[in-house]
Amino acid sequence: MSIALSLRGYGRTFTTPAGALRAVDGVDLDIAPGEFTALVGPSGCGKSTILRAVAGLDTRGEGEVCAGGDPITGPHASRGLVFQEHRLFPWQSVAKNIGAGLRGDRAARERRVAELLELVGLEGFADAYPGQLSGGMAQRVAIARALAPAPDVLLLDEPFGALDAFTRIRLQDALHDIWAAHHVTALLVTHDIDEAVALAQRVVVLDPRPGRVRRVHEIDLPYPRDRASARFAEHRAALLGDFALSGHSPPTDSPHTDSPHTDPSEEKHHA
Ligand SMILES: Nc1ncnc2c1ncn2[C@@H]1O[C@H](COP(=O)(O)OP(=O)(O)OP(=O)(O)O)[C@@H](O)[C@H]1O
Ligand SMILES: [Mg+2]
């Protein structure tokens with residue numbers, strides 16, 4: 001079996017004002033080409049750290065992080081990235097944002113942008129500016145931009161976390177369709193267990209401090225998945241049970257948990 005992404009003994013220690021912080025430890029993971037994998041776990045368990053390593057945005061971890069068998073040394077057009085915030089250029093049109101990373105002659109780039117706009121259901125918005133879009137539309141543009149260079153791998157860090165429930169489900173469905181039609185390998189970080197059950201073939205459950213793989217939960221339900229079905233509920237319950245039994249709070253923000261964001265010793269410094 002060929003492997004699209006692999007981590008071997010991946011670990012990461014951050015230096016903080018309060019000393020060394022072991023964020024991720026001994027993560028082994030193989031992801032097959034075209035597979036849809038979700039990464040879930042409580043806040044601060046190292047999901048984004050792992051995703052940034054796979055993206056090539058952080059290469060200072062230990063162990064091996066490979067794409068197609070080659071060590072990842074930096075960001076690459078073969079791995080598209082989508083974050084919680086759309087990160088579009090506000091001074092550029094939707095079409096310019098999507099086409100920013102494209103090469104080739106102008107007509108070809110325009111054709112590709114039109115194709116991508118259709119793919120994410122935003123025909124007619126080529127000349128709009130990010131400030132004129134709703135949050136869900138802006139995230140669609142961000143997905144189109146990530147897909148523009150036809151990457152093999154799509155890496156998503158809570159891409160729908162800031163959206164309302166209705167928009168989130170619509171975008172989950174859109175992401176599913178794109179994944180199914182384009183055979184990309186998808187790695188999705190999410191806090192939302194339903195999102196993981198709706199989309200993923202495998203859900204990697206992480207334990208916090210340091211972030212370690214607790215187990216990998218397989219979801220064999222056919223697509224499109226019926227969110228109201230009993231089998232969907234079984235998978236949801238199994239995953240929720242992971243957190244309830246772990247002695248840690250479930251992966252939703254609660255004012256009464258020791259969230260890393262309230263702990264001054266674990267301050268985050270985003271690149
Ligand atoms: N650049 C950094 N410098 C110092 N500490 C960091 C840095 N990035 C992450 N950390 C710490 O590493 C741990 C894991 O962080 P990470 O962002 O990967 O968690 P996460 O699972 O994505 O959390 P969330 O669900 O809240 O996004 C946290 O304790 C965090 O404070
Ligand atoms: Mg994160």
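Side notes on the structure shown:
- Karplus 3J(HN,Hα) series, Hz, for segment 91-104 with 6.51 cos²θ - 1.76 cosθ + 1.60 (x for Gly, Pro): 8, 10, 5, 3, 4, 5, 4, 5, x, 3, x, 8, 9, x
- In sequence order, calculated HN-Hα J values of segment 198-206 (Karplus, 6.51, -1.76, 1.60; Hz; x Gly/Pro): 5, 10, 8, 8, 9, 10, 8, 9, 9
- Share antiparallel - DSSP beta bridges, segment 115-248, percent rounded to 5: 55 percent
- The Cβ shell under 11 Å around GLY136 holds other residues with a net charge of +2, Lys and Arg each +1, Asp and Glu each -1.
- A cut-off of 5 Å between modelled amide H atoms, ignoring neighbours fewer than 5 places along the same chain, links GLN84 with ASP157.
- Value at 222 nm in deg cm²/dmol, rounded to 500, when DSSP H runs of n ≥ 4 in the chain each add -39,500 (n - 2.57): -9500 deg cm²/dmol
- Close amide H pairs (under 5 Å, H built 1.01 Å from N) link ARG214 with VAL205, LEU206, ASP207, residues at least 5 positions away or on another chain.
- Hz values of 3J(HN,Hα) by residue in segment 7-12 - Karplus curve (6.51, -1.76, 1.60), Gly and Pro given as x: 10, 10, x, 5, x, 8
- Within the chain, antiparallel bridges make up roughly 55 percent of the DSSP beta bridges whose residues both belong there.
- Scaled radius of gyration (Cα, divided by 2.2 N^0.38 Å) that the chain gives: 1.00
No lab work stands behind these numbers, since they all come straight from the coordinates. Keep in mind it's a predicted model, so treat the numbers as computed, not measured. Note that each Cβ is placed from the backbone with ideal geometry, even for glycine, and that neighbours are counted across all protein chains shown.
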